[in-house]
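Asker: The structure is given below, and queries will be raised subsequently.
No value in this document is a laboratory result; all are computed from the given coordinates. On a predicted model such as this, the values are computed, not experimentally measured, just so you know. Cβ: placed from backbone, ideal geometry, glycine included. Neighbour counts: every protein chain shown.
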Amino acid sequence: MYSMTGADIVIRLLERQGIDTVFGIPGGAILPIYDALSRSGRIRHILTRHEQGAGFMAQGMARSTGKPAVFFATSGPGATNMLTAFADAKFDSVPVICITGQVSRALLGTDAFQEVDIYGMTIPVAKHNFLVRSGEQLLGVIPEAFRIATSGRCGPVLVDIPRDVQLGMTDFANWPEPGLPELAAEPEIGQLHEALAMLHAAQRPVLMVGGGVIASDSADLVRVLAEKAGLPVAMSLQGLGSMPADHPLNLGLVGMHGARCTNMILDVCDLLMVVGARLDDRATGDAKQFCPNARIVHIDIDPSELGKIYIPHVDIVGDANRVLEYFLRHIEDRDRGPWLREVAALKLRHPLHMPGADDPCTAYGIIRQVARLIGDEAIVATDVGQHQMRTAQAYPLTRPRQWLSSGGLGAMGFGLPAAIGAAVANPERPVICFTGDGSLFMNIQELATAAELHVNVKVVLVNNNGLGLIHQLQDLFFDSRLFAWEYRHQTDFIRIAEGFGVPAVDLGSHPKPLEGLAEALCRPGPALIHIRIPAGDNVYPIVPPGAANTVMIGD
């Protein structure tokens, strides 16, 4: 028999799940769990500077490894501070578990100090959530949280634990088995046959892949299938890295900021096979004009995504790995030389323009030169905005789980903490965070966490002294009525970084910018690399909101 407090049970169950790192900030309602964590010899705690930072760090760990990650927050403001990171994990299907402290059961519903209904608040943005009522429940809830977070379409799970449950003693006979992901149901064989027949019959097929391919570890299958069947491969934002950037069948990013050639190729294809992508508005543009000449096969592990925006001709509910394996076993080789020559001609005729690609003091140049100097092992995180779209267009990604970016929620402040989480999980690999000044302001305090941990995170700050994408959208679509985009005070990010303990370099004032960049990238530990760009330095091409993907501006 075992006799333990609820807090000790939580920590022991996390250890049994293989968790070795937890991010968070303590507070009164979760102090019993922190007290138990202090006695764990197997779990490292990383004290972040904000609960949102803790959530994004857990995401960086989970996204870069494919394994579930855990973060803690206390009740009240601690819990509400983590909501954005939690919602972001829901949008992008990231397996994280957030454990929050709650006021004691007798105080629930009394507006006690630091009481909020975080269970109710997270219902719209959680894959599942629990309010634990007893120590006995913890024995089932913690493994169940891991099972739910990692099964099917992954997502965030909340476990809210009242303080008196953490302190109370529980007697039990046996430890439960760790929570493991369930096997996905087998896809329907008739739909697989129909999709395969459509692929064999197609003359101009395209494969479009999303985050589901990354989550199911299917990138190698995508490449082999593309090569065997002659399939050009387009990617959603979360699908980047599924095909090496230099592969001749790689079409790159599709949609709002994709290259014109990519959107034109989809416009003339006769079959679009979508694997693990949501077909959201940023990818499709006007859904009524998306792939007008194509029949569509949509494959997703989440049945709610099928037909939500675009009604496919064939929909297949299933794990991308199993579906792609089936196609590989049964696909017939096809000579699609004419189609691939047409694709190659469109890529040559409408390439993606990257002005200043050789100059590290330009918006595209800093991306290309960092990639050239750092090597293909680097993990690449971004914040949200113009720099995010340029990096998605221009960084030569070579492998899955190399790309970490907030997609569905588009959360500014994601990049730096996500990069820290990835660096903690992958200490042998360099991590690059591309950010803008507007995004960096959101979680700039985590520079202190990076300095404290001495993680190998290089923060590349492209500074236009304002909200660049807001400026661009107002300039293009609001008759140049520019408002509330500019910071009137110029912040000295070099001094701020150094104040946090992070070495910094301003390439614009460096006598040899390329050498300064190389030195900063080679330096152990964190660093901030700063360039300034003009406010009107827009990212192109861009599809106007609500327009067809072929209606592109500025390429």
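Asker: Roughly how large, in nm² to one decimal, is the mean projection of the convex hull of the alpha-carbon atoms in the stretch 467-526?
Answerer: It is 6.0 nm².
Asker: Considering the convex hull of the alpha carbon atoms of the stretch 317-455, report its projected area averaged over all viewing directions, in nm², one decimal.
Answerer: Taking a quarter of the hull surface, the average projection is 11.9 nm².
Asker: Can you tell me what the convex hull of the Cα atoms of the stretch 1-159 projects to on average, as an area in nm²?
Answerer: Over every viewing direction, the Cα hull of the stretch 1-159 projects on average to 8.7 nm².
Asker: Calculate how many DSSP beta bridges within the chain are antiparallel, expressed in % of all such bridges and rounded to the nearest 5.
Answerer: 10 percent
Asker: While we're on this one: Along the positive direction of the dipole of the stretch 2-172 (beta-carbon charges: Lys, Arg +1; Asp, Glu -1; about the Cα centre), which of Leu167, Tyr34, Phe91 reaches farthest?
Answerer: Checked the options; the winner is Phe91.
Asker: Among the listed pairs Lys90/Lys288; Lys127/Lys308; Lys228/Lys308, which are separated by more than 29 Å between their Cα atoms?
Answerer: Lys228/Lys308
Asker: Can I ask one more? I'd like the FRET efficiency for Phe441 and Ala287, computed as 1/(1 + (r/R0)^6) with the beta carbon distance as r and R0 of 35 Å, rounded to 0.05.
Answerer: 0.50
Asker: Quick one: which residues, 5+ away or cross-chain, put their amide H under 5 Å from the amide H of Phe130? H built at 1.01 Å from N.
Answerer: So Phe130 has HN proximity to Leu158, Val159, Asp160.
Asker: Under 5 Å between amide hydrogens, which residues at least 5 positions from Phe414 or on another chain qualify, with H placed 1.01 Å from N in the peptide plane?
Answerer: Here Val384 satisfy the definition.
Asker: Positive end of the charge dipole of the stretch 189-349 (Lys, Arg +1 and Asp, Glu -1 on Cβ, about the Cα centre): tell me which of Ala277, Phe290, Ala320 has its Cα farthest that way.
Answerer: Toward the positive end, the furthest listed residue is Phe290.
Asker: Moving to a separate point now. Kindly rank 104-112, 18-26 from highest to lowest mean number of other beta carbons found within 10 Å of each residue.
Answerer: 18-26, 104-112
Asker: Starting from 0.36 nm per residue, how many nanometres of slack lie between Leu108 and Glu136 once their C-alpha separation is accounted for?
Answerer: That works out to 8.2 nm of additional length.
Asker: What's the magnitude of the charge dipole for the chain around its Cα centre, counting Lys and Arg as +1 and Asp and Glu as -1 at the beta-carbon? Answer in Debye, nearest 20.
Answerer: Dipole magnitude for the chain comes out near 580 debye.
Asker: At what distance in nm do the modelled label points of Met169 and Asp220 sit from each other, each positioned 7 Å from its Cα along Cα→Cβ?
Answerer: Distance between label points: 5.2 nm.
Asker: List the relative contact order of the stretch 276-422 as a percent without decimals, with contacts defined as Cα pairs under 8 Å and 6+ residues apart.
Answerer: This gives 13 percent for the stretch 276-422.
Asker: Here's something else I'd like to know. On the Cα set of the stretch 232-294, report Rg and Dmax in Å, please.
Answerer: So, for the stretch 232-294, Rg and Dmax equal 10.8, 32 Å respectively.
Asker: Could I get the Rg over Rh figure for the stretch 363-532? Both from C-alpha atoms, Rh via Kirkwood, rounded to two places.
Answerer: Rounded to two decimals, Rg/Rh equals 0.95.
Asker: Given a Förster radius of 22 Å and the C-beta distance between Leu183 and His128 as r, what FRET efficiency does 1/(1 + (r/R0)^6) yield to the nearest 0.05?
Answerer: 0.75
Asker: Let me ask you something else. Along the positive direction of the dipole of the chain (beta-carbon charges: Lys, Arg +1; Asp, Glu -1; about the Cα centre), which of Thr491, Met412, Met121 reaches farthest?
Answerer: The residue sitting farthest along the positive end of the dipole is Thr491.
Asker: Continuing with the same structure: Please work out, to two decimal places, the log10 of the ratio I(q)/I(0) at q = 0.20, 0.25, 0.27 Å⁻¹ from a Debye calculation in which every Cα of the stretch 496-555 carries one identical scatterer.
Answerer: Log-scaled intensity ratios, in q order: -0.77, -1.00, -1.10.
Asker: Can you give me the relative contact order of the chain as a percent, contacts being Cα pairs under 8 Å and 6 or more apart?
Answerer: The normalised contact order for the chain reaches 14 percent.
Asker: Could you give me D for the chain, from Stokes-Einstein at 10 °C and 1.306 mPa s, where the hydrodynamic radius is the Kirkwood radius over C-alpha pairs? Units µm² s⁻¹, please.
Answerer: 65 µm²/s
Asker: Could you give each residue of the stretch 227-241 its phi-based ³J(HN,Hα) in whole Hz, using Karplus coefficients 6.51, -1.76, 1.60 with θ = phi - 60°, and x for Gly or Pro?
Answerer: Once rounded to whole Hz, the list reads 5, 6, 9, x, 10, x, 10, 9, 10, 6, 4, 7, x, 4, x.
Asker: Moving to a separate point now. What are the extents of the Cα atoms of the stretch 129-201 along their three principal axes, in Å, largest first?
Answerer: That works out to 65, 24, 12 Å along the principal axes.
Asker: Moving on to the next point. Just to check, using Stokes-Einstein with a Kirkwood Rh over alpha carbon pairs, what's the diffusion coefficient of the stretch 189-349 at 10 °C and 1.306 mPa s in µm²/s?
Answerer: Here the translational diffusion coefficient equals 104 µm²/s.
Asker: For the stretch 140-190 and the stretch 390-408, compute the distance between their C-alpha centroids and round to whole Å.
Answerer: 31 Å
Asker: With a cut-off of at most 15 other beta carbons within 10 Å, and DSSP calling the residue loop, which trypsin sites (Lys or Arg not before Pro) in the stretch 1-89 qualify? Please list them.
Answerer: Arg39, Arg42
Asker: Within the chain, which is the longest segment that contains none of the GluC sites (Glu not before Pro) sitting in a DSSP loop with at most 15 other Cβ atoms within 10 Å?
Answerer: 1-181
Asker: What is the set of long-range amide H partners of Met208 at a cut-off below 5 Å, with H atoms built 1.01 Å from backbone N?
Answerer: Ala234, Met273, Val274, Val275
Asker: Over the Cα atoms of the stretch 109-171, what is the Rg over Rh ratio if Rh follows Kirkwood?
Answerer: Over the Cα atoms of the stretch 109-171, Rg/Rh equals 1.01.
Asker: Each residue of the stretch 400-413 in turn: what ³J(HN,Hα) in whole Hz from Karplus with 6.51, -1.76, 1.60 and θ = phi - 60°, glycine and Pro shown as x?
Answerer: Rounded to whole hertz, the list is x, 6, 8, 10, 10, 8, 6, x, x, 8, x, 8, 4, x.
Asker: If you bin every alpha carbon distance in the stretch 71-193 into 5 Å steps from zero, what whole percent lands in each bin?
Answerer: Histogramming the stretch 71-193 at 5 Å steps yields 2, 11, 19, 20, 17, 13, 8, 4, 2, 2, 1, 0 percent.
Asker: From the phi angles alone, apply the Karplus equation (6.51, -1.76, 1.60; θ = phi - 60°) to the stretch 359-369 and give each ³J(HN,Hα) in whole Hz, x where the residue is Gly or Pro.
Answerer: So the Karplus estimates, Gly and Pro as x, are 9, x, 9, 10, 4, 7, x, 5, 5, 5, 6 Hz.
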